[in-house]
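Please read the structure below before turning to the comments.
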Amino acid sequence: MTNDFTLIFSLASLGLFGGFTHCVGMCGPFVVTQVSNRLQKTALDNFSQFQKLKNLALLPYHLGRISTYSFLGFCCSFFSKNVEDFFEFRIISALFLLIAATMFLGLFFQKNLLPWLDFRKKIDLRFKSIILENGLHFFTKKISFLLQNPRGFRGYFLGLILGFIPCGLLYSAFLICGAIQSPFLAAIAMIVFGISTFPALFFTALGGNLFNKIPEFKFIAKALILLNAIMLLLMAIKLII
């Protein structure tokens, strides 16, 4: 149980500091588009400071994506836990932690340390471009009506859908969830992770990528990411020996 709470701490710090270094570029455009559309549809006579903060917060969208993260975290823990009938769970947990630690180191060095996990390189470029073009057209067509007015349930469903977008930071988080024995605790862990990514996206909506321009913040973020990588490696080694 102590190890599980340590993993939850890793997820919280990954979401908070990884959010400013990764989520801003990945999810920032979706956030900025939603804020712009919401502000355009806000009547001038209702445009108070509270209304402005409400539009910047995008709470329905964030609740939606966190719901998806929580569900996927539950699934990762559930399936990895059921594999223990065929293979000892601690070995699986150690493997997940080793891969997650390597991905943390990749974030630290800003380099892909697991090129064999990049399935995109195994797909023919021409075939891949056709799939991406058609898939992107279908995807944008289906969610365009949600982006136009992302309020209430529309914003929530938009978050649910966009929560499934492939993301390196999420891969690390899901691998950590696979090492948590309780699926319900893994779901809670992903809620913590999702909440910890909120500040980065809120400040992106507020005024862009401000924190990444502060050297001290970047140093602290990198130091914590490296610390988490070392901690996950030590936990993996402890499970093996």
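The values are calculated or read from the model by the stated rules, or taken from the named source; none is laboratory data. Nothing here was measured: the structure is a model prediction, and the numbers come from that model. Neighbour counts run over all protein chains shown; Cβ positions are idealised from the backbone, glycine included.
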Helices (runs of 4 or more DSSP H) wholly inside region 154-230 that include at least 2 residues being at pLDDT 85 or above, over 23 Å from Asn55 (Cα atoms) and among the hydrophobic types (A, V, I, L, M, F, W, C): 168-178, 183-196
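Does at least one position in region 43-59 carry a residue that is closer than 22 Å to Thr197 by Cβ and either at pLDDT 85 or above or not in a helix (DSSP H, G or I) (or both)?
As a first pass, look at region 43-59 and keep what is closer than 22 Å to Thr197 by Cβ: 52-59.
If we keep only those that are either at pLDDT 85 or above or not in a helix (DSSP H, G or I) (or both) too, we end up with 58-59.
The answer is yes, given that some residue of region 43-59 is closer than 22 Å to Thr197 by Cβ and either at pLDDT 85 or above or not in a helix (DSSP H, G or I) (or both).
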Residue that is of a type in the set (Val, Ile, Thr) and modelled with pLDDT under 65, where the choices are Ile66, Ile130, Ile99, Ile92: Ile130
If you go through Phe5, Phe30, the only one that is hydrophobic (A, V, I, L, M, F, W, C) and at pLDDT below 80 is Phe30
Could you check, for region 133-151, whether at least one of its residues is modelled with pLDDT of 80 or more and not in a loop (DSSP other than H, G, I, E, B)? no
